[in-house]
Every structure is written in structure tokens, then in C-alpha cells.
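The values are calculated or read from the model by the stated rules, or taken from the named source; none is laboratory data. Fair warning: this is a prediction, and the values are worked out from it, not measured in the lab. Here the Cβ is made from the backbone with ideal geometry for all residues, glycine too, and neighbour counts use every protein chain on show.
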Amino acid sequence: MTGAVNTVRVGPLSKDDAGEVLTVQRAAYVTEAQRYAAPGIPPLRETLEQVRADIVRPGVIALGAWLGPRLVGSVRGRIGGPATAAPAAGGSRYSARGTSAQGSPGAGSTGAGSPGAGSPGAGSLGAGALEVARFAVAPDVQGRGVGRALLAALHAAAPPSVRTMWLVTGARSDDNRRLYAAAGYVVVGSVVDDAGVELVRMERPAGTPDMAVVRGARGAPIGPAATPE
Ligand SMILES: CC(C)(COP(=O)(O)OP(=O)(O)OC[C@H]1O[C@@H](n2cnc3c(N)ncnc32)[C@H](O)[C@@H]1OP(=O)(O)O)[C@@H](O)C(=O)NCCC(=O)NCCS
């Protein structure tokens, strides 16, 4: 890579980025789909129109990461009311909105848990919660710090009303769990979804000290990352 593409820029997505977001998201999530033999996971079912709508939806913080002109990663933070942060009433409502949390293998998977604090999809956090969703980095640049930069930027962009960040991820997705643990997320519950896949729900109190924004992981370091405007 040249010098220009060794600097990652993180900033807000616009709806014009939706096509590239979908491309990166699909490429990234295939690995998760294969891991769980679940080709219909929500990030792979999402349509271009749904991506476009989510990027501009009120209450959604949509961030991208660019290396030079190329979009190489994205993440969406969804500030909850019950409709986004409280899918405890059942998977159908949750998946019907197209808002199943990132990494959740299987349709409506986060809604399969029993309601109540500590279970994935529990609706206990309300409007003070931000769901981390659709977190994806292009396969050829994974392990180089782009994901960390995106996650740290999302944490920094959360408004003061957000007290808790949360997500679900596959229980066997060890790399993901390590990344989230390093960013301050702790496992608060687990559930087997309606596709038979075990998920964990992880939460992070707002204000938790963040990991280094960019740390070269398995490949050449990338940085520094810009904070979102
Ligand atoms: C998860 C993901 C967004 C992380 O982005 P990334 O740019 O690869 O992550 P970074 O380089 O910033 O951080 C590396 C850390 O992320 C974790 N990680 C997760 N997936 C990884 C991958 N494919 N390659 C390398 N590290 C990965 C590791 O814990 C690693 O830490 P380590 O250095 O201690 O091993 C990205 O790997 C991805 O798109 N994966 C597929 C889709 C997915 O699973 N999304 C999240 C669903 S919950």
C-alpha cells in the first residue's frame, strides 16, 4: 500500500455511501455466516434500501472508515427507545424492523431470549442505550486496527444521554469477543436463538476508558484515525 492508504479516516456516512456499505458488510459477514452455517443472518439479508434508510434514520450514528477513497469499514450505533434497544417481546418484531443486532446469526435471533435484565435483547436499557450494529471491515484489511478505530469513534460520538452501549455476538466468535472485551464490554447474558445458535450479549457503561484508537494488530499499523465530526 502507498502512504495515502495507510491512514484511516473515520467519519459520518451519507446515504450515498449505502452501496459501498452493503458491499463491505456482505463481504465481512460471510465469515460469520459460514462459522454458524447460517446464510440468512440479518446483515446478509439487509437490502440496499434498508441500509440507505438506516444511515439517515434519526437516532442512528452511522460511521464509515476510509483508506484513501475506499470505504473499508462501517458501523451503526442505534440509540434505543424500545423499538431498537428492547427486542425482548420476540424476534419477529425485532427482525421485521431489520434491526437485529450485528453478529446475531439467524433471523430475529436476539429476540429469542427471555425478557429481563441480563439476557440478550432484554429491554431493560431503554433510551439510554446504544446498540452497536452492522460492524464490518473489508476482509483484506481486517486485523489492522480499522475496527478498533470505528468502535472508538462510535463510543466518542454517543450523546450524553447514552449510559450503556450493548451488542450481541456469536458465542463462538472468539476474535470478536476479544475485541469487545478490550473495548470494555462484558458478557451479561447468553441465549440460544431460534436458529439454534448461541449468542452472548455484551454491555459497556458509557464513560469506560477506551482502548487505544489504533493499534497495529496482525498487519501493518494504520493510523491515526480521525474522530467523527
Ligand atoms: C469484527 C471486525 C469488524 C473487527 O475489525 P478489524 O479491523 O478486523 O479489527 P481490528 O484490527 O481493529 O482489531 C483486531 C482485533 O479484532 C478482533 N478481530 C475480530 N475479527 C478479526 C479478524 N477477522 N481479523 C483480525 N482480528 C479480528 C481480534 O480480537 C483482534 O484483536 P487481537 O489483535 O487481540 O487478535 C472485522 O473483523 C469484521 O468485519 N469481521 C466480520 C464481521 C463481524 O464479525 N462483525 C462483528 C459481528 S459481532
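So in region 159-188, with the set limited to residues that are closer than 30 Å to Gly68 by Cβ and surrounded by 18 or more Cβ atoms within 10 Å (Cβ to Cβ), which one is farthest from the ligand (Cβ to nearest atom)? Write out each step before concluding.
Within region 159-188, the first condition is being closer than 30 Å to Gly68 by Cβ, and the residues that meet it are 165, 167, 169, 173, 175-176, 178-180, 182-183.
Subsequent filtering for residues that are surrounded by 18 or more Cβ atoms within 10 Å (Cβ to Cβ) retains 165, 167, 169, 173, 176, 179-180, 183.
Values: Met165: 13, Leu167: 6, Thr169: 4, Ser173: 6, Asn176: 4, Leu179: 4, Tyr180: 8, Ala183: 9 Å.
So, considering only residues that are closer than 30 Å to Gly68 by Cβ and surrounded by 18 or more Cβ atoms within 10 Å (Cβ to Cβ), the one farthest from the ligand (Cβ to nearest atom) is Met165.
Within region 148-158, track down each residue that is touching a Leu at 6+ places or on another chain (Cβ under 8 Å) and within 12 Å of the ligand (Cβ to nearest atom). Give the derivation first.
Start the filter on region 148-158 by keeping residues that are touching a Leu at 6+ places or on another chain (Cβ under 8 Å), which leaves 148, 150-151, 153-154, 157-158.
Result: Arg148, Leu150, Leu151, Ala153, Leu154.
Read through the list (1) surrounded by 15 or more Cβ atoms within 10 Å (Cβ to Cβ); (2) aliphatic (A, V, I, L, M); (3) farther than 21 Å from Ala152 by Cβ, then give the number of the only condition that Leu48 fails.
Leu48 satisfies every listed condition except (1).
All but one of (1) modelled with pLDDT of 50 or more; (2) within 14 Å of the ligand (Cβ to nearest atom); (3) more than 28 Å from Gln34 (Cβ to Cβ) hold for Leu199; which doesn't?
Exception for Leu199: condition (3).
If Asp194 satisfies all but one of (1) under 27 Å from Gly59 (Cβ atoms); (2) near the ligand (Cβ under 8 Å from one of its atoms); (3) among the charged types (D, E, K, R); (4) modelled with pLDDT under 95, what's the number of the condition it fails?
Failed condition: (2).
Give region 32-53 a look and list any residue that's in a helix (DSSP H, G or I), within 14 Å of the ligand (Cβ to nearest atom) and touching a helix residue (DSSP H, G or I) at 6+ places or on another chain (Cβ under 7 Å), or say none.
Answer for region 32-53, where residues must be in a helix (DSSP H, G or I), within 14 Å of the ligand (Cβ to nearest atom) and touching a helix residue (DSSP H, G or I) at 6+ places or on another chain (Cβ under 7 Å): Ala33, Pro42, Pro43, Leu44.
Check Gly128, Gly145 and return the single one that is out of contact with any Phe, Trp or Tyr (no Cβ under 6 Å at 6 or more places or on another chain) and within 11 Å of the ligand (Cβ to nearest atom). Quick ask: steps written out before the conclusion?
Details: Gly128 fails: within 11 Å of the ligand (Cβ to nearest atom).
Gly145 is the lone residue from the list that is out of contact with any Phe, Trp or Tyr (no Cβ under 6 Å at 6 or more places or on another chain) and within 11 Å of the ligand (Cβ to nearest atom).
On the basis of being at pLDDT below 95 and either assigned to a strand (DSSP E or B) or within 22 Å of Pro12 (Cα to Cα) (or both), does Ser95 make the cut?
Values: at pLDDT below 95: yes; either assigned to a strand (DSSP E or B) or within 22 Å of Pro12 (Cα to Cα) (or both): no.
No; evaluated as a whole, the condition is false for this residue.
Check whether at least one residue in region 63-80 is farther than 14 Å from Arg134 by Cα, in contact with an Asp or Glu (Cβ under 6 Å, 6 or more places away or on another chain) and assigned to a strand (DSSP E or B), and report yes or no.
Taking every residue of region 63-80 in turn, at least one turns out to be farther than 14 Å from Arg134 by Cα, in contact with an Asp or Glu (Cβ under 6 Å, 6 or more places away or on another chain) and assigned to a strand (DSSP E or B).
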